[in-house]
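The values are calculated or read from the model by the stated rules, or taken from the named source; none is laboratory data. These figures come from a predicted structure and were not determined experimentally. All Cβ positions, even for glycine, are placed from backbone atoms using ideal geometry, and neighbour counts span all protein chains on display.
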Amino acid sequence: MVQQGRGSAMLATVLVSLLVVQLEVAQAATYTVGGAGGWKFNVAGWTKGKQFKAGDVLVFNYNPAIHNVVAVNNVGYKACLTPKGAKVYKTGKDQIKLSKGSNFFICNFGGHCESGMKIAITAM
């Protein structure tokens with residue numbers, strides 16, 4: 001009889017854990033970077049007025065023959081440089097989950113970052 005009580009408590013704990021995970025997933029938002037125009041030049045201002053949370057997903061739509069997306073650090077963002085080991089995305093339909101804190105993305109094709117093809121996002 002005691003074991004049956006433990007089993008019920010264990011099942012209840014698992015169900016509550018699944019509910020919490022489900023609520024976290026439901027709260028995540030998906031944003032298309034640049035809106036309908038996609039990942040392009042002068043997109044840096046696209047983040048204004050938006051509040052991002054850790055777990056939100058950014059969708060980068062672009063022509064992979066002429067652009068890419070590189071997750072960089074603050075130094076790479078400011079200097080438009082790709083640090084060693086940076087993650088480079090190049091499918092043209094990349095989906096990237098935001099981490100808590102600062103998130104920086106650039107296009108590292110020649111001159112693109114310098115032309116405003118970069119975004120900085122702080123996720124709460």
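Picking from ALA29, ALA44, which residue would you name as being at pLDDT below 95 and surrounded by 13 or more Cβ atoms within 10 Å (Cβ to Cβ)?
On the way: ALA29 fails: at pLDDT below 95.
The match here is ALA44.
Which of the residues spanning the stretch 51-93 are out of contact with any Asp or Glu (no Cβ under 9 Å at 6 or more places or on another chain), assigned to a loop (DSSP other than H, G, I, E, B) and in contact (Cβ under 8 Å) with a residue 40 or more places away in the chain?
Of everything in the stretch 51-93, those that are out of contact with any Asp or Glu (no Cβ under 9 Å at 6 or more places or on another chain), assigned to a loop (DSSP other than H, G, I, E, B) and in contact (Cβ under 8 Å) with a residue 40 or more places away in the chain turn out to be GLN51, LYS53, ALA54, ASP56, ILE66, HIS67.
Which of the residues spanning the stretch 34-44 are of a type outside the set (Val, Ile, Thr) and touching a Gly at 6+ places or on another chain (Cβ under 8 Å)?
Matches in the stretch 34-44: LYS40, PHE41, ASN42, ALA44.
Out of the residues in the stretch 32-41 meeting the condition of being free of Cβ contacts under 8 Å to residues at least 60 places away in the same chain and not hydrophobic (A, V, I, L, M, F, W, C), tell me which one is surrounded by the fewest Cβ atoms within 10 Å (Cβ to Cβ).
As a first pass, look at the stretch 32-41 and keep what is free of Cβ contacts under 8 Å to residues at least 60 places away in the same chain: 32, 34-38.
Within this subset, residues satisfying the condition of being not hydrophobic (A, V, I, L, M, F, W, C) are 32, 34-35, 37-38.
Values: THR32: 15, GLY34: 19, GLY35: 10, GLY37: 13, GLY38: 17.
Per the stated criteria, the residue is GLY35.
Based on what the data block shows, is ASN42 polar (S, T, N, Q) and at positive phi? It would help to see each step written out before you state the result.
On the way: polar (S, T, N, Q): yes; at positive phi: yes.
Taking the combined requirement at face value, the residue satisfies it.
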